[in-house]
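Below is one structure; the comments refer to it alone.
The values are calculated or read from the model by the stated rules, or taken from the named source; none is laboratory data. None of the values given here were measured: they were computed from a predicted structure. Don't worry about glycine lacking a Cβ; one is built from the backbone with ideal geometry, like all the others, and counts go over all protein chains shown. Heads up: the accessible areas ignore ligands, DNA and RNA and are worked out on the full protein's heavy atoms, side chains in. Shrake-Rupley method; radii C 1.70, N 1.55, O 1.52, S 1.80 Å.
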Amino acid sequence: MSDILIDDRIRDWVFLPIIIVMFMIQMFRGLLTKYMDNKKTTQKVTSKAQVAEMIDKNITQQSQRLARLHGLLPDHSFKMKRAHLCDNKSGILTKASEKPAKDPMQSMSMMNPAAMADMLKQNLSGIVFMALQYQWVSYFFSGFVIGKVPFPLTQKFRSMLQRGVDVQNLDVRYISSISIYFVLLFGGLQKIQQLMFGDDTDEFVDDTQMQMQMQMMGMPTMPSFGQQNDPGKLFIAERTRLEGVKHTFELNKSQDKAIKSLKRFLNQ
Amino acid sequence: MEEPKVELDDLEVNQERLKLNTNQLKNLRVYGSLNAGMIAGILGMDGWIGIGIYVAIFLIVSACLAIKMNFRVKEYFKSSYDAYYSGIGTDLLLFLMIWVIFHNLVNIL
């Protein structure tokens, strides 16, 4: 199969415009998410169930933080905090773990309207743009060959890469415009965008905060989150974890660590 | 109070600095795969040779990183596997994209 000569005008009016437009839309999406993040106001707590839920979340956050950062506290301080949470009679975790399991139907009402609106907006900025671009590319730029992929592929890829081009014996390497769209989509225009307009603010996100955000976004996947059905188990797990923590105050070790690292430094 | 003997391996990882390091490494890798894609595309490499160029440039980036760190990986990353070899698959798609684009722009269109 001899080489196909592709017109210069295809490059000027199809190839480069697709790349430029997709890149612009990607940047626009980034700006849009930033704008919506700025616009997000704090949610007003409206019902008693929500208050109880916030209290539970705060309790788990507090116990997780204690379990993670216990080295920063001196002995008596840590023991007091742990007793406050885990005491047999009056500890917060013991009291919380005696709550009844929540009804699954009731926990659906956790999706207050603001959270749903947030999720809708996220989906909007993601999927709608993808569908829009696909429609645009396949409407305007279908029916001809746009380029060639550098690596050999099997015949199975023909239907995906050569949509709209009905020449049977054409080398699978020649691709139509939709495949350039897919290559750009999966290849990660995001990474290039992050390189160029670097994300300095995202680097210091706290771990628990990320986890909480992920849990908020994961609410539609109901069965996988045991905490929505039985918060008691979660608190019991937290309590056993806290009680099992072997606490050492890091300041006690710091002299030895300093000696070691200074020795290493001086020996080089 | 009795103080336990501390070995150097007991030193804990400073989380923020590790995050900074891994972010920087990620940026480096993206630059590396961009360059590899441009080289492979402009020189008109075909098929498996192109992927070989990607692996070669990836290893060159890791080697430069090792020289910059004076081969003391433990001070900057969790393990040498993490620092040198871990992200090779994730940037492959980026490399493919840049390769296809530049190959088409320079050689075919």
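Laid out as a table, the results:
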read-out	value
Per residue accessible area of segment B:32-108, 1.4 Å probe, in Å²	51
Positive-pole candidate from B:W48, B:F95, B:I67, dipole of segment B:32-108, charges at beta carbon	B:I67
Interface residues, segment B:55-98 - accessible area loss of 50 Å² or more versus chain alone, probe 1.4 Å	B:M97
Chain B: DSSP helices with Cα axial extent of at least 20 Å and average Kyte-Doolittle hydropathy no lower than 0.0	B:48-68
Cα-only radius of gyration and Dmax that characterise segment B:32-108, units Å	14.2, 47
Shielding by other protein chains, A:142-151, mean Cβ within 10 Å	5
Percent RCO, i.e. relative contact order, over segment B:32-108, from Cα pairs under 8 Å lying at least 6 residues apart	55
Within-11-Å neighbourhood charge of A:M36 [Cβ basis; K, R +1; D, E -1]	+3
Accessible area buried at the A-B interface, both sides summed, 1.4 Å probe (Å², nearest 100)	3400
Partner lysines for A:K40 [C-alpha distance under 26 Å; skip if fewer than 8 residues away on the same chain]	A:K48, A:K57, A:K121, A:K191
